[in-house]
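Worksheet: one structure, shown below.
The values are calculated or read from the model by the stated rules, or taken from the named source; none is laboratory data. Everything quoted here is computed from the prediction, not taken from an experiment. Every residue, glycine as well, gets a Cβ built from its backbone with ideal geometry; the counts of neighbours run over all protein chains shown.
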Amino acid sequence: MSFIDFELIIYLAWRIGFACIFVSALLFWGVLAVRRHFDKKAKRASQFREMWETILLASLDRVPDDLPLIEKQDQITFLLLWNYLEELLLEESKENLQILAQRIDLWRMANRVLRKRNLKSRLLAVNTLGWLKNKDSWNLLTKLIKHRDTVFSLAVARALIHINPRKSTWVILPLMAEREDWSTDNCVDLIKLIGPDEITDKLILQIYRTPPRSLPKLIRLLDLLPPAETDQVVKKNIGKI
């Protein structure tokens, strides 16, 4: 008959129970600490947004002389606010936003955000560089436009168009022919942004340079061109399709 040490069993049960209570308490305080951290972070972000919304709206009339420092953890929030106003306002109303951007060195801020790994943050930075229309961004953006991600590469294309519509066509048109992930609708949106009058001659020239397999998409884009020029290009290239 085996001997059972009930005192040992009771002792082990007590220790296991105490350990479970201790672990549960740690988990509780851990969850509470994380929640407090995120609540504090959300409150801080809300206060930052309210402060800068007031400043940005006031800047439409006059840019304040003293602007608060934007800390690293607030940069994404600020870029969201600034881009929202850039997209919302008419071109003639944006002058003071550009002045404010210069004073806070927004170009450098956007370039720092662009170095992040998070794709959404990088998209936001690219949009910002496009709205800033700073020519110093050109070389970097012409490299980034070859990024394999469709949404990101199209965002870069739009940024290049904002910086220099005429010059951007020489970068964008070859990619319209080469990139299968750029749909016809995507390309139409880019052409509208550039302006059909600006792109007509260059699109015709690109058709002459494009291999037959890529011609159908470019031919479809000719719907945006003046009818007389469209007919001429289609007749000369119809045999290659």
| task | Return the only residue of 113, 63 being touching a Leu at 6+ places or on another chain (Cβ under 7 Å), over 30 Å from residue 157 (Cα atoms) and surrounded by 12 or more Cβ atoms within 10 Å (Cβ to Cβ). | result | 63
| Among (1) of a type outside the set (S, T, N, Q); (2) modelled with pLDDT of 90 or more; (3) surrounded by 15 or more Cβ atoms within 10 Å (Cβ to Cβ), the one test that residue 94 misses | (2)
| All helices (runs of 4 or more DSSP H) inside region 168-241 with 2 or more residues being at pLDDT 85 or above and within 24 Å of residue 137 (Cα to Cα) | 184-194
| message | Being within 21 Å of residue 132 (Cα to Cα) and either outside the structural domain of residue 119 (by TED's automatic domain parsing) or among the polar types (S, T, N, Q) (or both) narrows it down to one residue among 59, 46, 24; which is it? | response | 59
| task | All but one of (1) surrounded by fewer than 10 Cβ atoms within 10 Å (Cβ to Cβ); (2) not in a helix (DSSP H, G or I) hold for residue 70, so report the exception by its number. | result | (1)
| request: Have a look at 180, 198 and point out the one that is exposed (fewer than 14 other Cβ atoms within 10 Å of the Cβ) and not assigned by TED's automatic domain parsing to the domain that holds residue 116. | output: 180
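Is it the case that region 128-137 has a residue that's among the β-branched types (Val, Ile, Thr) and modelled with pLDDT of 95 or more?
yes
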| request: State all residues of region 54-91 that are in contact (Cβ under 8 Å) with a residue 12 or more places away in the chain, of a type in the set (Asp, Glu) and farther than 19 Å from residue 110 by Cα; if no residue qualifies, say none. | output: 61
| Checklist (1) in a helix (DSSP H, G or I); (2) under 18 Å from residue 72 (Cα atoms) applied to residue 117, failing item | (1)
| query | Residue check: is residue 76 among the β-branched types (Val, Ile, Thr) and over 25 Å from the mean Cα position of the chain (by Cα)? | reply | no
| note | residue 139 vs (1) more than 24 Å from residue 59 (Cα to Cα); (2) touching a Phe, Trp or Tyr at 6+ places or on another chain (Cβ under 9 Å): all pass except (2)
| task | Please determine, by comparing only the residues of region 37-59 that are modelled with pLDDT of 75 or more and basic (Lys, Arg), which one is nearest to the chain's Cα centre (by Cα). | result | 49
